[in-house]
Amino acid sequence: MRAILRPDRWWQVPAIRTATFLLIAFLGGASLAYPSAAEWIGAVGRSQTISHYGETTTRLTPEQRAALLEAAARYNGELTDSPLSDPFLPSPDGPVMGSDAGRKDYEKQLRAGESDGPMARLMFPAIDVDLPIFHGTANGTLARGAGHLYGSSLPVGGRGTHSVITAHNGYTGAEMFDDLDAAQLGDTFTITVAGKVLTYRVDQIEVVTPDELDHLLQVPGSDYVTLVTCTPRFINSDRLLVRGTRVGTGWESQAGGDLEPDSAAGPGMPWWVVVVALPPALAAGLLWVTNSARKRSTALPENPQAEKISVP
């Protein structure tokens, strides 16, 4: 008759004890790796978005790309130099203060493909930033990448334009503008839009309060892009503004010719997998060594003297 295991002795079952030990080790490794894993998965998603945007832009004819840029330039020409709202304060997606007129027209601009796809791509090599730029600055938008502040100029360049691009730093599961505070005067970043690459050199870095937004207004004759994020990290009481002024790239004519697909490099090897797998692997090895030692000890005779044969 099979013996019934008492509830208070379940831990004495080797299989249950081993499974529990390995589960605890796995959960410990997973908890340690979660931030890196979430960041890696988010980076994969943004890389795929950028690659898809490049492929979509490539499929457009030169005339279609030129039409997108011309429409955006007309839109910029009709913008009024109204005050802007802070993109990180609760508001209806950071619109021009006091007005939502023209929102539908804005949403139509620079649509190379899907209605929720990016309008452009931001690359800032000095701080390892490569992000898709989406319309608006809603929470859901900034979880996917960088956002363009509605009410500022569209990022297509031109005299008298000032485009504002925002992104989080210290955001769980994503590194976006985490290192924007490491940007230095003279660094360059690029905006790729409808096959056109625009280069900007950092000429001003400021920390301001959320209501000091005059720095984001258009300046006659200038071509600016300002990158904005909250600071200090996790406190977010102020805003870090990194402004770039347009310089030549030699690639501005790309919109009128054939394009090669524009893809992102991707986040690389998921080293967080090692962090997840290592604790249970070590635990399994420890259990194997322990069990092997236990088996060897039980295999030895309890009284070695009894095994000896006396020879007369």
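Which residue out of GLY157, GLY186, GLY147 is modelled with pLDDT of 95 or more, within 18 Å of ILE205 (Cβ to Cβ) and small (Gly, Ala, Ser)?
Only one candidate qualifies: GLY186.
For segment 139-152, name all the residues that are buried (at least 17 other Cβ atoms within 10 Å of the Cβ) and more than 13 Å from GLU175 (Cα to Cα).
Within segment 139-152, THR141, GLY147, HIS148, LEU149, TYR150, GLY151, SER152 meet the criteria.
For (1) exposed (fewer than 15 other Cβ atoms within 10 Å of the Cβ); (2) under 20 Å from the mean Cα position of the chain (by Cα); (3) in a strand (DSSP E or B), each residue gets a yes or a no:
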| position | (1), (2), (3) |
| --- | --- |
| ALA174 | no, yes, no |
| PHE177 | no, yes, no |
| GLY186 | yes, no, no |
| THR190 | no, yes, yes |
| LEU198 | no, no, yes |
| VAL207 | yes, no, yes |
| PRO210 | no, no, no |
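Take the residues in segment 58-116 that are β-branched (Val, Ile, Thr) and part of a loop (DSSP other than H, G, I, E, B); name whichever of them is modelled with the lowest pLDDT. Walk me through it before giving the result.
At the first step, the residues of segment 58-116 found to be β-branched (Val, Ile, Thr) are 58, 61, 80, 96.
If we keep only those that are part of a loop (DSSP other than H, G, I, E, B) too, we end up with 61, 80.
On the way: THR61: 94, THR80: 75.
Filtering segment 58-116 for residues that are β-branched (Val, Ile, Thr) and part of a loop (DSSP other than H, G, I, E, B), the one modelled with the lowest pLDDT comes out as THR80.
If I filter segment 108-119 for residues that are over 21 Å from LYS196 (Cα atoms) and either buried (at least 20 other Cβ atoms within 10 Å of the Cβ) or within 15 Å of the chain's Cα centre (by Cα) (or both), do I get at least one hit?
The initial filter retains those residues of segment 108-119 that are over 21 Å from LYS196 (Cα atoms), namely none.
No, because not a single residue in segment 108-119 is over 21 Å from LYS196 (Cα atoms) and either buried (at least 20 other Cβ atoms within 10 Å of the Cβ) or within 15 Å of the chain's Cα centre (by Cα) (or both).
Considering segment 135-171 alone, what residues qualify as being part of a strand (DSSP E or B) and under 20 Å from LEU241 (Cβ atoms)? Break it down into steps so the answer makes sense when it comes.
Here is the first cut: in segment 135-171, the residues part of a strand (DSSP E or B) are 135, 146-148, 150, 152, 161-166.
Those that are part of a strand (DSSP E or B) and under 20 Å from LEU241 (Cβ atoms): ALA146, GLY147, HIS148, TYR150, SER152, THR161, HIS162, SER163, VAL164, ILE165, THR166.
Can you find even one residue in segment 219-236 that is in a loop (DSSP other than H, G, I, E, B), on the phi > 0 side of the Ramachandran plot and at pLDDT below 90? Steps first, please.
Within segment 219-236, the first condition is being in a loop (DSSP other than H, G, I, E, B), and the residues that meet it are 219-222, 232-236.
Right, trim to on the phi > 0 side of the Ramachandran plot and you get 221, 234, 236.
Narrowing further to those that are at pLDDT below 90: 234.
Yes, the conditions are met somewhere in segment 219-236.
Among the residues of segment 162-170, is there at least one that is of a type in the set (Ser, Thr, Tyr) and either surrounded by fewer than 24 Cβ atoms within 10 Å (Cβ to Cβ) or at pLDDT below 95 (or both)?
Going residue by residue through segment 162-170, those that are of a type in the set (Ser, Thr, Tyr) are 163, 166.
Next, from what is left, pick out any that are either surrounded by fewer than 24 Cβ atoms within 10 Å (Cβ to Cβ) or at pLDDT below 95 (or both): none.
The answer is no, given that none of the residues of segment 162-170 is of a type in the set (Ser, Thr, Tyr) and either surrounded by fewer than 24 Cβ atoms within 10 Å (Cβ to Cβ) or at pLDDT below 95 (or both).
Exactly one of these conditions fails for ALA43: (1) at pLDDT 70 or above; (2) buried (at least 17 other Cβ atoms within 10 Å of the Cβ). Give me its number.
Result: ALA43 passes all but (1).
The values are calculated or read from the model by the stated rules, or taken from the named source; none is laboratory data. In this text the structure is predicted, and so the values were computed from the model without any measurement. Note that each Cβ is placed from the backbone with ideal geometry, even for glycine, and that neighbours are counted across all protein chains shown.
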